[in-house]
Amino acid sequence: MFRLSNEQIQGLSKKGLSHKMFFEQCPFNVEECLEIARAQGIEVYNRRGKYYFQSCETLIPEENYCIVDIEANGSDTKKHQVIEIGAVKIKNGVIIDTFDSLVYCEEISKHITKLTGITAEDTKDAPYLNKVMQDFRLFLGTDIFVAHAVKFDYNYISAMFERCNLLPLQNRPLCSIDLAERSFVSFKYGLQYLNDNLKLYESATHHRALSDAMTTVKLFQYTLKHIDREIRTSEDLIRFSKEAKRFKRPMFDPNIVEENLKREKSLKK
């Protein structure tokens, strides 16, 4: 099992890791170690004796991105669980596959039901967590894991994997909020706000997993149109999302300003 340290992640994404540094956690031979790494979502290649993430070499149009959203019955992964997963695979701007499943859950609070519309009754015929997590692990593969506020979805799913005796998640993560903040100006970068303002996904149902994943796909596609052409590989894109300067947000919501101007004009008539 691999649990990459920050130092190892930095090495694999930039200067490369020596054989010793990459395999020091794995007691098996190289091929077995690489298989374990793939099972956790890590795809690497060897260049001149050093190992790098495959995303350092894969051009953005050639990469598989898996855009993910989850709904859960609470935020504590020790007490709560995923109740719905939605995911959309895209390559070169084209949707190539989708994943959508409710998860059986005995108890869902009124607050969560109000937020998502999902009741425990809705999940009574859904597959159990173990089955959904196994299916989703196969679906995700070694794709780049993209989500809006990726840390929550990524860590939650990884915790669910471990609860189901699967290996923890190690796919390269990419946050669509971080990417958007460095690509275009907006007063807010919440998914619903961006969808309302940019008209990303007309059929959106907020706080339903596949719908939010689809909205994030539209946002991701929109964002890619606003980045510099020098950002060529997936790792370039990940680095840009973390290190580039954020756009300065307007002091006031332009929508409200526009509404106030229209109101003032109508009062003067």
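Centroid-to-centroid, using Cα positions, the stretch 7-51 and the stretch 98-174 are 27 Å apart. Cross-link reach is defined here as a Cα-Cα straight distance under 20 Å, omitting same-chain residues fewer than 8 places apart; for residue 242 the lysines meeting it are 14, 15, 151, 188, 225. Only Lys, Arg, Asp and Glu carry charge here, each on its Cβ (+1 for the first two, -1 for the last two); on that basis the chain has a dipole of about 1220 debye about its Cα centre.
Volume of the convex hull of the stretch 34-148 (Cα atoms only), normalised per residue: 129 Å³. Over all orientations, the chain has a Cα convex hull whose mean projected area works out to 17.5 square nanometres. Taking every DSSP beta bridge that has both ends in the stretch 60-233, the antiparallel portion is near 75%. So which GluC sites (Glu not before Pro) in the stretch 140-216 are both in a DSSP loop and have at most 14 other Cβ atoms within 10 Å of their Cβ? Passing both the DSSP loop test and the Cβ count: 202.
Largest GNM mean-square fluctuation across 255, 64, 130, computed for the chain with C-alpha springs under 10 Å, falls on 255. In a DSSP loop and with at most 10 other Cβ atoms within 10 Å, there are no chymotrypsin sites (Phe, Trp or Tyr not before Pro) in the stretch 129-213.
Only helices enter the 222 nm calculation for the chain: every DSSP H run of n ≥ 4 contributes -39,500 (n - 2.57), and dividing by all residues gives -11500 deg cm²/dmol, rounded to 500.
Comparing 107, 43, 71, which has the greatest mean-square fluctuation in the GNM of the chain with Cα pairs linked when under 10 Å apart? Most flexible of the set in this elastic network: 107. A cut-off of 5 Å between modelled amide H atoms, ignoring neighbours fewer than 5 places along the same chain, links residue 44 with 54.
Taking amide H as placed 1.01 Å from N in the peptide plane, the amide H of residue 98 sits under 5 Å from that of 89, each at least 5 places away or on another chain.
Readers should treat all values here as calculations from the given coordinates under stated rules, not as data from a laboratory. Predicted model only: the values in this text are computed from it and were never measured. Using ideal geometry, Cβ is built from the backbone for each residue, glycine included, and neighbour counts are taken over all protein chains shown.
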